[in-house]
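Each remark here refers to the structure printed beneath this line.
The values are calculated or read from the model by the stated rules, or taken from the named source; none is laboratory data. What you are looking at is a predicted structure, and each value in this text was computed from that prediction instead of being measured. Note: ideal-geometry Cβ built from the backbone for every residue, glycine included; neighbour counts use all protein chains shown.
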């Protein structure tokens, strides 16, 4: 009877061809010790994901980052969105600097940003936790409160 790889993780294998009696575990290799989530600073996770600028994120932060980028993709076809600068890099900075900010709160703020972009061609300000996102008609600026 052949066992699946899932069941093999729990068994130790002895290398028959080697001279030493070294026993090794079968399964996922350990992550490098110097890797940590850039957002929440966790050092161990089931899956490492790529974040902005190819940094490493833990599984939870990586999934939230993917949701955040999907929210922006919803608005890519909007003509107002195409006429204005992209707020994604600034909102991503807020996402990375504020680990306790939920993806639901970010989505609400994104809706405020896109609504303000449609209604105003001038300036507007959005407050997200301890950050202020300012649009002056030409570009986005990010500052602390």
Within the range 69-108, residues farther than 20 Å from residue 57 by Cα and either modelled with pLDDT of 85 or more or not in a helix (DSSP H, G or I) (or both) come out as 75, 76, 77, 78, 84, 85, 86, 87, 108
Over the range 42-58, the set of residues in contact (Cβ under 8 Å) with a residue 12 or more places away in the chain, exposed (fewer than 14 other Cβ atoms within 10 Å of the Cβ) and either part of a helix (DSSP H, G or I) or under 8 Å from the mean Cα position of the chain (by Cα) (or both) is 50
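Going by the structure shown, is residue 54 at pLDDT 90 or above, out of contact with any helix residue (DSSP H, G or I) (no Cβ under 9 Å at 6 or more places or on another chain) and more than 20 Å from residue 139 (Cα to Cα)? Talk me through it step by step, then tell me what you get.
On the way: at pLDDT 90 or above: no; out of contact with any helix residue (DSSP H, G or I) (no Cβ under 9 Å at 6 or more places or on another chain): yes; more than 20 Å from residue 139 (Cα to Cα): yes.
For residue 54, the condition - at pLDDT 90 or above, out of contact with any helix residue (DSSP H, G or I) (no Cβ under 9 Å at 6 or more places or on another chain) and more than 20 Å from residue 139 (Cα to Cα) - is not met.
Any chance the range 94-105 includes a residue that's over 20 Å from the mean Cα position of the chain (by Cα) and closer than 23 Å to residue 51 by Cβ?
Of the residues in the range 94-105, the ones over 20 Å from the mean Cα position of the chain (by Cα) are none.
No, the range 94-105 contains no residue that is over 20 Å from the mean Cα position of the chain (by Cα) and closer than 23 Å to residue 51 by Cβ.
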